[in-house]
1. Would it be correct to say that residue 181 is touching a residue at least 24 places away in the same chain (Cβ under 8 Å), within 12 Å of the ligand (Cβ to nearest atom), assigned by TED's automatic domain parsing to the domain that holds residue 56 and surrounded by fewer than 17 Cβ atoms within 10 Å (Cβ to Cβ)?
2. Please find, among 65, 19, 59, the residue that is at positive phi, surrounded by fewer than 22 Cβ atoms within 10 Å (Cβ to Cβ) and either within 16 Å of the ligand (Cβ to nearest atom) or modelled with pLDDT under 50 (or both).
3. Can you tell me which of (1) in contact with a helix residue (DSSP H, G or I) (Cβ under 9 Å, 6 or more places away or on another chain); (2) modelled with pLDDT of 95 or more; (3) away from the ligand (no atom under 16 Å from the Cβ) is the one residue 296 doesn't meet?
4. Do you know which of the residues in the range 320-350 that are over 18 Å from residue 508 (Cα atoms) and within 15 Å of the chain's Cα centre (by Cα) is farthest from the ligand (Cβ to nearest atom)?
5. Please tell me if residue 122 is within 16 Å of the ligand (Cβ to nearest atom) and surrounded by 14 or more Cβ atoms within 10 Å (Cβ to Cβ).
6. Within the group 471, 445, which residue is under 25 Å from the mean Cα position of the chain (by Cα), at pLDDT 95 or above, at positive phi and crowded, with 16+ Cβ neighbours inside 10 Å?
7. Does any residue of the range 301-320 turn out to be more than 22 Å from residue 487 (Cβ to Cβ), without any contact (Cβ under 8 Å) to a residue 12 or more places away in the chain, in the same structural domain as residue 243 (by TED's automatic domain parsing) and assigned to a loop (DSSP other than H, G, I, E, B)?
Ligand code: DQQ
């Protein structure tokens, strides 16, 4: 019976027993009829393997009808171990997943101590290849190549490591344990491939550039493509063009007129990016601002818990999609008890904002296929110091979207110039700290008596005649349990003069709360583990703890059903 349940739920057996029929309608209806209840904390529509530890997304790519996501995976348990493998899942719609066998495991002297993060590049003739970091027998980080065994297999189940590995070893000035995570490669006008590898060189965080004619022989470029001072080692660099006049994505090798570039690096627990222009002659990303410094003024993909992300160009739907690792914030011993740790974010479409000063992120439209039970209303006044419950949806698996009218700027408090760190401001002014306009927003994963609650909210300020919105995710009361990281997160959102309202969307999936402020101009992801949820259903409230009334312009919410391939008990 257990084996049967595992087969139905993971789809593993569907794939391995009846000729890869992933569109099997019978199995699909089994999924769709499942109750939305799962064990406490276990997400239902976020991707993770059936069990064990997962971290970074690796090599996302579209190939012959399927999206592939590889990921850092410890097959031996639910805690990190350097001897990582590449887990592998495929999907025809980014939402319903099939979990496959591991794609790469440590076997050779050039990766015997671990197959670490890397990327996929599609070579001419639609040939995907993997560049990944191997931890070699001397504990050095080296860059390796792997190719699919059978290009006619749309699942790309088997991968062959190149016999000439490693292709790249740590250059001068880079220690063997500070050199990793090759990016997707791009081709310059000269026909040569380029790739960046993260590292630390002479105390600078660096995206180290290599060039190659044949993808096998790589030549170091002396200067990094971009770098950061006082940031520590860079992990998982990502470099790609974005269109300046459309939301469509661009191929990594695109080099037309209307584009800017994104240079991203993961360090000190966050994913920072800069926008800029790319000088292909000097091989330099020239940042629009100060570049990457790791300070609170840097742009971040997500101001909560989200790391080691990677993007890819979806050549079918012409969009760029971002994945990030969302770690747990409970303890390692909890993870051992649970038997799993780490999930992937909902894939997010990324594009340049109209101001061209930042990126905007929005959950891929496919997630809307999982929506059930629409509840909505419009133009509702929410008096100061009041709240109401949103009913009619399953509050632990919910997609909730609302917008608030902005008041007259005269009504708003001035932002003190000393308040330059949004996370500190959210921590000192949490959800129960009343202001003039705000805090207002959502209480999610809340117990009925509100003893446990996660607050995602806005607080409005002005800087001269311009609105500055503080967006917060306050986990301080998310659980009565101890041993959980309940850090509060915050971000500033610069509003445009024309803005008349501010929107908030939260995707709540048991222990995950992914929130998108101002149509995706700021994102905050949190993990929460309320105790009540072991036995009772969650509640969701809209609240206003400011002294002034606010007006909810629109509220739309849906229960979210389980994605096919989601893991339950
Ligand atoms: N995780 C991988 C490394 C990478 C780090 C190891 C980032 O390749 O630098 O699992 O989370």
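The values are calculated or read from the model by the stated rules, or taken from the named source; none is laboratory data. Note that this is a predicted model, so its numbers are computed, not measured. Every residue, glycine as well, gets a Cβ built from its backbone with ideal geometry; the counts of neighbours run over all protein chains shown.
1. Values: touching a residue at least 24 places away in the same chain (Cβ under 8 Å): yes; within 12 Å of the ligand (Cβ to nearest atom): yes; assigned by TED's automatic domain parsing to the domain that holds residue 56: yes; surrounded by fewer than 17 Cβ atoms within 10 Å (Cβ to Cβ): no.
Considered against the rule, which asks whether it is touching a residue at least 24 places away in the same chain (Cβ under 8 Å), within 12 Å of the ligand (Cβ to nearest atom), assigned by TED's automatic domain parsing to the domain that holds residue 56 and surrounded by fewer than 17 Cβ atoms within 10 Å (Cβ to Cβ), residue 181 comes out as no.
2. Values: 65 fails: either within 16 Å of the ligand (Cβ to nearest atom) or modelled with pLDDT under 50 (or both); 59 fails: surrounded by fewer than 22 Cβ atoms within 10 Å (Cβ to Cβ).
Answer to the check: 19.
3. (2)
4. Of the range 320-350, the ones over 18 Å from residue 508 (Cα atoms) are 320-322, 331-340, 349-350.
The next check asks that each one be within 15 Å of the chain's Cα centre (by Cα); those that pass are 320-322, 349-350.
Details: 320: 21, 321: 19, 322: 15, 349: 23, 350: 20 Å.
Residue satisfying both the conditions and the ranking: 349.
5. On the way: within 16 Å of the ligand (Cβ to nearest atom): no; surrounded by 14 or more Cβ atoms within 10 Å (Cβ to Cβ): yes.
It is false that residue 122 is within 16 Å of the ligand (Cβ to nearest atom) and surrounded by 14 or more Cβ atoms within 10 Å (Cβ to Cβ).
6. Values: 471 fails: at positive phi.
That would be 445, the only listed residue that is under 25 Å from the mean Cα position of the chain (by Cα), at pLDDT 95 or above, at positive phi and crowded, with 16+ Cβ neighbours inside 10 Å.
7. First, pick out the residues of the range 301-320 that are more than 22 Å from residue 487 (Cβ to Cβ): 310-320.
With the extra rule that they be without any contact (Cβ under 8 Å) to a residue 12 or more places away in the chain, the set shrinks to 317.
Then keep just the ones that are in the same structural domain as residue 243 (by TED's automatic domain parsing); that gives 317.
Cutting the leftovers down to assigned to a loop (DSSP other than H, G, I, E, B) gives us 317.
Yes, that holds for at least one residue.
For every residue, the table says whether it meets (1) part of a strand (DSSP E or B); (2) farther than 24 Å from residue 327 by Cα.
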site	(1), (2)
217	no, yes
238	yes, no
272	yes, no
277	yes, yes
294	no, no
